[in-house]
1. Provide the percentage of antiparallel DSSP beta bridges, counting only those with both residues in the chain; round to the nearest 5.
2. Which of L155, V109, L60 sits closest to the plus end of the dipole of segment 50-167, meaning its Cα is farthest towards the positive end, when Lys and Arg get +1 and Asp and Glu get -1 on the C-beta?
3. Accessible surface of H104 in the full protein assembly, 1.4 angstrom probe, to the nearest 10 Å²?
4. From the square roots a ≥ b ≥ c of the eigenvalues of the alpha-carbon gyration tensor of segment 130-192, which class results: rounded (a/c under 1.5), prolate (a/b over b/c), or oblate?
5. Averaged per residue, what accessible surface does segment 1-94 expose to a 1.4 Å probe, in Å²?
6. For every helix of n ≥ 4 consecutive DSSP H residues, a contribution of -39,500 (n - 2.57) applies; sum these over the chain, divide by its total residues, and give [θ] at 222 nm rounded to the nearest 500 deg cm²/dmol.
7. With every protein chain left in place, what is the accessible area of R145 in Å² (1.4 Å probe, nearest 10)?
8. Got a sec? What order do R100, R135 fall in by accessible area at 1.4 Å, biggest, i.e. largest, first?
Amino acid sequence: MKIIDLGLIKYTDADAIQRKRLEEVAAGAEPTLYLLEHSPVITFGRNGGRENLHVSDEYLASQGIDLVHSSRGGNITCHFPGQLVAYPVFRVAKQPGGMRGLFHDLEEVVIRTAKAFGLDAARQEGRPGVWVENRKICSIGIAMRKWTSYHGLALNVMRDVNLFRMITLCGLSDAEPSSLAQELNRDDLSMQEVKDELVRQFRNVFTDTTLAQGQDSL
């Protein structure tokens, strides 16, 4: 697969990049993994409800926070600098277990990444994503078109997860947002070291991986 770092990018811009690459991958091009951080945005998934948004559209606009209705699965979530996002544009038919297998493998990538930093995180039955007790460190929402996936996972890395206070996280009243830095009590954690580890675990979970031509090693 190609691995491409898009840096800090608006949600709608990344969505356009994914959709263009999806057409290419569906036609036989190399599967691609995009790594990025988003400018502040709250997104509704296909199952999202406005009752889980606690502020007005006007307030969000005044704070420079975008509001987007997304084609991904799941309820409501948010993205912001300090959160590592990974979007796999993969041919699902080539993944063992199809879409369910892909979702499981994305959770596994995050669980292994957290473990590498000394944090025991896990799945919870009936609650997609990756958790430490009732504290969610990673949300996952996937969409599929032409048997090819897009959207993906969002791993909270840095301490500041205050944007989640504007929503009911994933529509679950007892869920609390957390991050690697919070759980590890580390202020020295860098986005790059987490990105490096996430890439290693993608290679471990999704076999036969090579970096994109012309991209710097991560």
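1. On the way: 28 of 41 bridges.
In the chain, approximately 70 percent of DSSP beta bridges are antiparallel ones.
2. V109
3. 90 Å²
4. Working: a/c = 2.44, a/b = 1.44, b/c = 1.69.
It is oblate, given that a/c is not under 1.5 and a/b is not larger than b/c.
5. Numbers: 3890 Å² over 94 residues.
That works out to 41 Å² per residue.
6. Values: 5 runs with 61 residues, N = 218.
Calculated mean residue ellipticity at 222 nm is -8500 deg cm²/dmol.
7. My reading of the accessible area for R145 is about 100 Å².
8. Numbers: R100 205, R135 65 Å².
From most accessible down to least: R100, R135.
The values are calculated or read from the model by the stated rules, or taken from the named source; none is laboratory data. None of these values were measured; they are calculated from a predicted model. For neighbour counting, all protein chains shown are included, and Cβ atoms are generated from backbone atoms with ideal geometry for every residue, glycine included. The area values use the complete protein model at the heavy-atom level, side chains included, leaving out ligands, DNA and RNA. Shrake-Rupley method; radii C 1.70, N 1.55, O 1.52, S 1.80 Å.
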